[in-house]
1. Using DSSP H assignments, which helices in the chain have an axial alpha-carbon span of 24 Å or above and a mean Kyte-Doolittle hydropathy of 0.0 or higher?
2. Please give the residues of the stretch 34-53, grouped as numeric ranges, whose backbone N is less than 11 Å from a label point set 7 Å along the Cα-to-Cβ vector of Thr106.
3. What distance in nm separates the simple spin-label points at Gln37 and Val9, each placed 7 Å from Cα in the Cβ direction?
4. What order, most packed first, do the peptides 41-53, 84-96 have when packing is the mean number of other Cβ atoms within 10 Å of each residue?
5. Between Leu16 and Ser72, what is the label-to-label distance in nm when each label sits 7 Å out along the Cα-to-Cβ direction?
6. Restricting to DSSP H runs of at least four residues, report the calculated mean residue ellipticity at 222 nm for the chain, -39500 (n - 2.57) per run over all residues, nearest 500 deg cm²/dmol.
7. For Ala82 and Leu115, what does the FRET efficiency come to when R0 = 22 Å and r is the distance between their Cβ atoms, rounded to the nearest 0.05?
8. What ranking, highest mean first, results for peptides 16-25, 66-75 when packing means the other Cβ atoms within 10 Å averaged over each residue?
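Each reported figure results from applying straightforward, stated rules to the coordinates on display, with no laboratory input. In this text the structure is predicted, and so the values were computed from the model without any measurement. All Cβ positions, glycine included, derive from the backbone under ideal geometry; neighbour counts span all protein chains shown.
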Amino acid sequence: MKPSSLSPVLRLRLYLNLVPVFGVPISLWTLYGTSKQLQPQLKQVSRLAVVLGMSWLLATVLLSAGAHSEFSQTATLRFWLANGFVGTGYFVTNLWLMLRLSRGKTIKLPGVTQLSRRLPD
């Protein structure tokens, strides 16, 4: 996918889908709220954004629940620290994917791309 071969509107839609947190509802709207005649690049990016966003949300909720449980203060600190790493990793991954998209490289992530292909049409 070369950057020059994509229309400006398609490029903007691809970037909007990869915006951390706000790109997930946009991607869901793209996949399930619009017509089924989507460009393959837009479909791939939308699915990847949904899987990344939902994984981040699930990890954040679970780590926050662990931090609020009645463990020791050390365990609570470790849960919050892991939660911070998960959040930072999610944001950096999305920014890295945007950079790869701008350079015309593939935006496949090992394991995540295969999982995103299993989302229903």
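1. 40-67, 73-102
2. none
3. 1.2
4. Descending mean neighbour count gives 41-53, 84-96.
5. Going by the 7 Å Cα→Cβ label model, 5.0 nm.
6. Values: 5 runs with 79 residues, N = 121.
That comes out to -21500 deg cm²/dmol.
7. So the FRET efficiency works out to roughly 0.55.
8. 16-25, 66-75
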